[in-house]
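Visitor: One structure, as structure tokens, below. Some questions next.
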There are 2 protein chains.
Amino acid sequence: MYCHIIRAWIDIVGMEPNSEITKEKYGVDISSIREAQVRIDPYIHKTPVFTSGSLNDMSRRKLFFKCECFQKGGAFKFRGACNAIFSLNKDQADKGVVTHSSGNHAAALALAADLRDIPAYVVIPNNAPNCKIQNVIRYSGQIIYSQPTLQSRETTTARIMQETGAFLIHPYNDVRIISGQGTIALELLEQVQEIDTIIVPISGGGLISGVALAAKSINPSIQILAAEPCGANDAALSKAAGEIVKLPETNTIADGLRASLGSLTWPVVRDLVDAVITVDDQEIVEATKLCYEVLKVVVEPSGAIGLAAVLSDTFQNNPAWKDSNRIGIVLSGGNLDLGALWDSIRGP
Amino acid sequence: MYCHIIRAWIDIVGMEPNSEITKEKYGVDISSIREAQVRIDPYIHKTPVFTSGSLNDMSRRKLFFKCECFQKGGAFKFRGACNAIFSLNKDQADKGVVTHSSGNHAAALALAADLRDIPAYVVIPNNAPNCKIQNVIRYSGQIIYSQPTLQSRETTTARIMQETGAFLIHPYNDVRIISGQGTIALELLEQVQEIDTIIVPISGGGLISGVALAAKSINPSIQILAAEPCGANDAALSKAAGEIVKLPETNTIADGLRASLGSLTWPVVRDLVDAVITVDDQEIVEATKLCYEVLKVVVEPSGAIGLAAVLSDTFQNNPAWKDSNRIGIVLSGGNLDLGALWDSIRGP
């Protein structure tokens, strides 16, 4: 398919040389990420870093898996949500927060709001899968159903904001969210010495922006690679085009990676992400299996894509990455419907 | 069923008061476990301890999950196997090792033998599930098929020993195995302060014997509770009878917990295990689900039984354990056939 061509485009377009990372330029700098780290420290799990001899052998590298599946709420999203909610002043916070994301961000926001004892309103399309609804309910989020169209979600969200005064917290195009996600890189670089490359799933870009801003501030030579599904390759296309490209539709098993870049995340991806590696769904499923069978970690397909990238021919055969030897891989989340597994596990 | 009655029997029989733990008495003492810790330290993963607010709320306790699913080979068995293999002198080791266990012990033994670069012969019944065979092959174990009868397994094993001079390493009735498994308790008590109770799956008793010997040597007031399936409740019956009881057949989803106690493990279970909590298969499956959905840990049903025990009415309603507040739970392993899950995860 076109996956492998993308890389050639990127080679032609070339990478921006690393430039100074300032708050003026990106809205976030290392100090905002360090502040986030202090702010969320009492609430988050410091997630472990896993290694596996088998996966090192397979990838011919030393891999360090930053296991955000074990984060509260089951995904890295809790870091950003927590930073955003605990950044609000009391008057703002008392009115609650609202989002119309129905995935991991919604559950994370509900959980963080519950910790601050403020309401979280979550606008969810009335055809959303039950497991996502249950994740929000589990953390005391208040669900408001909309029609399954973007317009309905937005008008419903606007109505909630007007009625309650709740503060809208975007899942990724928000400096507090980006700063919160960046704490992953601070932790990883404390936990493992001499990381030379970090591979991060890319969707709306909040996670990779935070990681890139933190890591490149600490060590500009660290390579930041985005991992993206072929069927939702807007970041690869955007990098190649030099501007945000939005896809009319996406087609991938990695359902958490279908968002488009935002106005805050695009400049970071443009300047600080060294390349985008696209992988197909079969590679994603194989990587997911390896996470379960070798690492024994419950990960959703979107969360395993970094492993898929490092095992891909695109990565393995490209001389650009022959010196990438100590690679951090963010396993970003572990929320998925495991019903088929339970159906298969029955007593005698 | 009869599960809840067992507890009453135990109350009547009563617990042995904690007695002096010596090598003369049990074949293993704290010094052999500390020696094992030093011996296996270069090879094993020091597994993390996980906590979960949700599971603390459900159990009304503070739970500390010692995640041996993340051990090399996917189960605690690697500790004992590693200690046994690296305890052999060179002449013994050169001839290799043999076992006729086909489960986690076989894979662990193959992996440890591979590290010492000696052969591991594994006698497996010709009807064993493919995933178990693959686990042994993955670690370069040499498979010898027997008929699926105990007699055939034993005669085949005897033949291998005669032909090769290989050293037989029993999966649990072996002081080196017990000492290796005991290192779990040393680690747990270093990682978490003021543990007052440890819940451990029981099968042949190697794991719980090691844990009990280590923990009670360090702090005799720590309660050691065994978790056992109703359908393989020989340990509960043995404790009640005051002698080893073997079941004519077992019937449980927890396929790793069907062995009977051995001559070395029974005295430890008799004297140092404070009680056996039996749970039914439904409780085991529910606990397994919680491990995946809340902890995001891949665990086999046998490995999740400790969580089932602490959530059971048997535990929750018994005043004997009202002061058990900081509870270590050994999640013993994560090797299972996940085929149904992969069948359900498909690209669009």
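A quick yes/no check of all residues on (1) closer than 22 Å to A:Lys46 by Cα; (2) free of Cβ contacts under 8 Å to residues at least 24 places away in the same chain:
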position	(1), (2)
A:Asp57	no, yes
A:Gly74	yes, no
A:Gly80	yes, no
A:Ala84	yes, no
A:Ala93	no, no
A:Ala110	yes, no
A:Asp117	no, yes
A:Ala128	no, no
A:Val136	no, no
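Visitor: Output the number of the condition that B:Glu228 fails; it satisfies all remaining conditions of (1) at pLDDT 95 or above; (2) under 15 Å from the mean Cα position of the chain (by Cα); (3) open to solvent by 30 Å² or more (accessible area, probe 1.4 Å); (4) among the acidic types (Asp, Glu).
Guide: (3)
Visitor: Could you give me the residue pairs with C-beta distances under 8 Å whose first residue belongs to region A:182-204 and is without any contact (Cβ under 8 Å) to a residue 24 or more places away in the chain, whose second residue is part of a helix (DSSP H, G or I) and surrounded by fewer than 22 Cβ atoms within 10 Å (Cβ to Cβ) wherever it lies, and which are 6+ apart or on separate chains?
Guide: Listed pairs, sorted by first residue: none to list.
Visitor: Report the residue count in region A:232-250 for those that are open to solvent by 30 Å² or more (accessible area, probe 1.4 Å) and touching a residue at least 40 places away in the same chain (Cβ under 8 Å).
Guide: 2
Visitor: So which helices (runs of 4 or more DSSP H) are wholly in region A:23-90 and hold at least 2 residues that are crowded, with 24+ Cβ neighbours inside 10 Å and touching a Ser or Thr at 6+ places or on another chain (Cβ under 9 Å)?
Guide: A:30-40, A:77-87
Visitor: Test of understanding: among A:Ala128, A:Ala158, which residue is outside the structural domain of A:Thr22 (by TED's automatic domain parsing), under 23 Å from A:Ala304 (Cβ atoms) and out of contact with any helix residue (DSSP H, G or I) (no Cβ under 9 Å at 6 or more places or on another chain)?
Guide: A:Ala128
Visitor: While we're looking at this one, here's another question. Within region B:251-348, which helices (runs of 4 or more DSSP H) (wholly inside it) include 1 or more residues that are more than 9 Å from chain A (Cβ to nearest Cβ), surrounded by fewer than 20 Cβ atoms within 10 Å (Cβ to Cβ) and of a type outside the set (Ser, Thr, Tyr)?
Guide: B:265-272, B:281-290, B:313-316
Visitor: Separate question: For A:Ile329, indicate whether it is out of contact with any strand residue (DSSP E or B) (no Cβ under 6 Å at 6 or more places or on another chain) and touching a residue at least 12 places away in the same chain (Cβ under 8 Å).
Guide: no
The values are calculated or read from the model by the stated rules, or taken from the named source; none is laboratory data. All figures in this text were calculated on a predicted structure; none of them were measured in a lab. Here Cβ is always computed from backbone atoms with ideal geometry, including for glycine, and neighbour counts include all displayed protein chains. Side chains are part of the model used for accessible areas, which takes the heavy atoms of the whole protein and leaves out ligands, DNA and RNA. Shrake-Rupley method; radii C 1.70, N 1.55, O 1.52, S 1.80 Å.
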